[in-house]
1. Look at the stretch 4-48 and say how many of its residues are of a type in the set (D, E, K, R) and part of a helix (DSSP H, G or I).
2. Against the condition modelled with pLDDT under 90 and not basic (Lys, Arg), how does VAL80 come out, does it pass?
Amino acid sequence: MKHLMWLLKWILKAAIFFTLFAFALNNQQDTTVHFFFGTQWRAPQVLVVLITFAIGVAVGVLGMVPRWWRHRHSAAPARVTSLATAPAAPSQATAQSTPHGL
């Protein structure tokens with residue numbers, strides 16, 4: 001069963017890869033991107049789509065950074081108190097007598 005799931009995952013990954021590869025092959029014609037003041041850039045259409053996607057991901061990550069910092073800042077006191085109230089580490093004799101994973 002585990003081997004079957006592994007195989008299905010790889011088949012899905014291969015299908016996604018070949019679909020995106022076919023998309024790239026079908027969109028090789030040049031596209032002109034017009035910027036301000038008459039500036040333009042000519043590149044293959046798939047490259048324009050890829051760069052636009054990468055810029056969107058970067059903007060999304062940068063938009064989440066302040067929220068992540070706020071979350072880390074608010075969680076820091078709770079982490080310090082949980083470390084201060086944690087029980088002492090078990091002695092070496094009890095740690096060696098218990099098997100791993102149990």
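1. 2
2. So VAL80 fits the description; yes.
The values are calculated or read from the model by the stated rules, or taken from the named source; none is laboratory data. Bear in mind that the values here come from a model prediction, so they are computed numbers and not experimental data.
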